[in-house]
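Here's the structure, in structure tokens; my notes come after.
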Amino acid sequence: MSLFNTISDCDFLRGMPQALLERLVQIAQPCTYAPGTILFLEGRQHALFHVITAGHVRLDMLVPRRGKIPILTVGAGDVLAWSALIGNGTMTATAVALEPVQTIAFAGDQLKQLCETEHEIGYFVMRQLSSALSRRLVATRLQQLDLFAEDFPMSDVPSPLSRSGDLQC
């Protein structure tokens, strides 16, 4: 499969007009990672923004007094290392390939420059990125709820709704 077809088929870029996809292909590079490969390390710089096209990647964080904790598993259609695109490139987690992983990687500075100079690409990429980050935030919240559930039975947590269904303030 050509790089253009791979990019146009990936969930993150699906729906982008062909002319814009052709511009992205110019700065894209396919990457493949074997199981167990560390794609990037928490606290270190990483210059590539990745869109996963196959496989799963576990994101781990180092938690004081608890060690390395898995926080999320991402797969095809998800993004990795978004800090390379919108931040300073310092990673907030460590990414480990759980199985063979394929990504489409973009140099963060090149993609950022393209987004800033070609506003139609920038709007599309940032809209997709905000949607992806929103899904990641929800997944993280759900994981936190699961962690809290281990410590606190849900029956002990007061409901924000009264018996009549009105919101309590």
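A few comments on the model shown:
- Checked across the stretch 16-37, the condition of being closer than 18 Å to Leu114 by Cβ, of a type in the set (S, T, N, Q) and in contact with a His (Cβ under 9 Å, 6 or more places away or on another chain) holds for no residue.
- Scanning the stretch 107-157 for residues that are part of a helix (DSSP H, G or I), modelled with pLDDT under 85 and of a type in the set (A, V, I, L, M, F, W, C) turns up Ala139, Leu142, Leu145, Leu147, Phe148, Ala149, Met154.
- Every test in (1) over 23 Å from Ser130 (Cα atoms); (2) free of Cβ contacts under 8 Å to residues at least 24 places away in the same chain is passed by Thr32 save one, and that test is (2).
- Ile71 being touching a residue at least 60 places away in the same chain (Cβ under 8 Å), touching a Leu at 6+ places or on another chain (Cβ under 6 Å), at negative phi and among the β-branched types (Val, Ile, Thr): yes
- Number of the condition not met by Gln168 [criteria: (1) in contact with a Leu (Cβ under 9 Å, 6 or more places away or on another chain); (2) open to solvent by less than 100 Å² (accessible area, probe 1.4 Å); (3) at pLDDT below 70]: (2)
- Residue satisfying condition, being in contact with a helix residue (DSSP H, G or I) (Cβ under 6 Å, 6 or more places away or on another chain) and under 21 Å from Ile7 (Cβ atoms), within set Leu85, Leu129: Leu85
The values are calculated or read from the model by the stated rules, or taken from the named source; none is laboratory data. Quick caveat: nothing in here was measured; it's all calculated off a predicted structure. Please note: Cβ atoms are built from the backbone with ideal geometry, for glycine as well, and neighbour counts cover all protein chains shown. We work out accessible area using only protein heavy atoms, side chains counted, and drop any ligands, DNA or RNA first. Shrake-Rupley method; radii C 1.70, N 1.55, O 1.52, S 1.80 Å.
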